[in-house]
């Protein structure tokens, strides 16, 4: 597959994690030159970046200097800092900056203002779906004045949808959609851990397979990724909390989901990350070893309902 538009041919990806490497592979296959830097990153990360078709440059400044587009892919907490670093780079022709992180609309607007002060154009982007399945089952949402043009140029890479000419709207859409998936996983985990504690886990999972196959499919698809990504997902749903509060709303179930996912992130799941296929039952059994729902002192039945 060759790129259908040659106006923006060099894309700098910051940085080549799982999603960054997946997108680099897609852009490279579509005929784009893809550059990145792995300074201070592991050799494994550098090897994955090369396998994805990335050209490795010395550092951030080198990436910004040669890129017509910068694609930001970092944890939500690092999004503003990376934009600030890019804004501080000297370059003859400022790149188009595409932030594809799971950030709140308010953070997207903050980044737009920060970059605009340095003459850098901005597109607010949001990726919905797993990196490995982006072309088949995912979608990239775009918003901002440059969104329509970018969508036309990238349409051969992945499914695109323009949300609005106003920056922040793509991030808002991602927050809403990801709130459903992360909230669903959090609810499933809570009930499954409760079933495990009541010695009913096998029957519970069998009945879920019968009555809620779509939920089980989602759990089977997402839970194996939690050993590597639970911490980031807790940050992402925290951004949804910020969105709710910014709208004057109470983040009830959203806040509870964030707390549970953060507890999962702290459950030392790293040993599961290398196990390849991980069943839902195995994940629940492992998590139950240090059940994040367990109270320090169990309540009596009367106290629980009073």
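Sort through 252, 270, 248 and tell me the only one that's within 26 Å of residue 102 (Cβ to Cβ), surrounded by fewer than 11 Cβ atoms within 10 Å (Cβ to Cβ) and modelled with pLDDT under 80. Even if it seems obvious, please write down each step before you answer.
Details: 252 fails: modelled with pLDDT under 80; 248 fails: modelled with pLDDT under 80.
None of the other options fit; the residue is 270.
Specify which of the listed residues (201, 177) is more than 21 Å from residue 258 (Cβ to Cβ) and either buried (at least 16 other Cβ atoms within 10 Å of the Cβ) or touching a strand residue (DSSP E or B) at 6+ places or on another chain (Cβ under 9 Å) (or both). I'd like the intermediate steps shown before the answer.
Details: 177 fails: more than 21 Å from residue 258 (Cβ to Cβ).
Selected residue: 201, the only one of 201, 177 that is more than 21 Å from residue 258 (Cβ to Cβ) and either buried (at least 16 other Cβ atoms within 10 Å of the Cβ) or touching a strand residue (DSSP E or B) at 6+ places or on another chain (Cβ under 9 Å) (or both).
So if I check each of 195, 214, 219, which one is within 30 Å of residue 126 (Cα to Cα) and in contact with a helix residue (DSSP H, G or I) (Cβ under 8 Å, 6 or more places away or on another chain)?
Details: 195 fails: within 30 Å of residue 126 (Cα to Cα); 214 fails: in contact with a helix residue (DSSP H, G or I) (Cβ under 8 Å, 6 or more places away or on another chain).
Exactly one of 195, 214, 219 is within 30 Å of residue 126 (Cα to Cα) and in contact with a helix residue (DSSP H, G or I) (Cβ under 8 Å, 6 or more places away or on another chain), namely 219.
Only one residue in 156, 242 is modelled with pLDDT under 90 and not in a helix (DSSP H, G or I). Which one? I'd like the intermediate steps shown before the answer.
Numbers: 242 fails: not in a helix (DSSP H, G or I).
So the residue among 156, 242 that is modelled with pLDDT under 90 and not in a helix (DSSP H, G or I) is 156.
Would you confirm whether or not the range 51-69 contains a residue that is under 21 Å from residue 171 (Cα atoms) and modelled with pLDDT of 95 or more? Walk me through it before giving the result.
To start, the set of residues in the range 51-69 that are under 21 Å from residue 171 (Cα atoms) comprises 69.
Next, only the ones that are modelled with pLDDT of 95 or more stay: 69.
Yes; the residues of the range 51-69 include at least one that is under 21 Å from residue 171 (Cα atoms) and modelled with pLDDT of 95 or more.
From the list 134, 177, which residue is assigned by TED's automatic domain parsing to the domain that holds residue 253 and farther than 30 Å from residue 90 by Cβ?
Criteria check complete, one pass: 177.
Look through 33, 41, 25 and report the one residue that is in contact with a strand residue (DSSP E or B) (Cβ under 9 Å, 6 or more places away or on another chain) and at pLDDT below 95. Step through it out loud before you land on a result.
Values: 33 fails: at pLDDT below 95; 41 fails: in contact with a strand residue (DSSP E or B) (Cβ under 9 Å, 6 or more places away or on another chain).
Going through 33, 41, 25 in turn, the sole match is 25.
Let me confirm something: among 171, 217, which residue is in a helix (DSSP H, G or I), modelled with pLDDT under 95, surrounded by fewer than 17 Cβ atoms within 10 Å (Cβ to Cβ) and under 20 Å from the mean Cα position of the chain (by Cα)? Break it down stepwise before answering.
Details: 171 fails: surrounded by fewer than 17 Cβ atoms within 10 Å (Cβ to Cβ).
Just a single option satisfies the conditions, and that option is 217.
Identify, by number, the condition in (1) touching a strand residue (DSSP E or B) at 6+ places or on another chain (Cβ under 9 Å); (2) buried (at least 16 other Cβ atoms within 10 Å of the Cβ); (3) closer than 17 Å to residue 27 by Cα that residue 122 doesn't meet.
Failed condition: (3).
Which numbered condition trips up residue 229, out of (1) at pLDDT 80 or above; (2) in contact with a helix residue (DSSP H, G or I) (Cβ under 6 Å, 6 or more places away or on another chain)?
All conditions pass for residue 229, except number (2).
How do the helices (runs of 4 or more DSSP H) wholly within the range 44-150 filter down when requiring 2 or more residues that are free of Cβ contacts under 8 Å to residues at least 12 places away in the same chain: which remain? Let's see the steps before the verdict.
Values: elements: 60-66, 79-87, 105-116, 134-137.
The helices (runs of 4 or more DSSP H) meeting that bar are 105-116, 134-137.
Report yes if some residue within the range 95-117 is in contact with a helix residue (DSSP H, G or I) (Cβ under 9 Å, 6 or more places away or on another chain) and more than 22 Å from residue 147 (Cβ to Cβ); otherwise report no.
There is no residue in the range 95-117 that is in contact with a helix residue (DSSP H, G or I) (Cβ under 9 Å, 6 or more places away or on another chain) and more than 22 Å from residue 147 (Cβ to Cβ).
The values are calculated or read from the model by the stated rules, or taken from the named source; none is laboratory data. Keep in mind that this is a model prediction, so the values were computed, not measured. All Cβ positions, glycine included, derive from the backbone under ideal geometry; neighbour counts span all protein chains shown.
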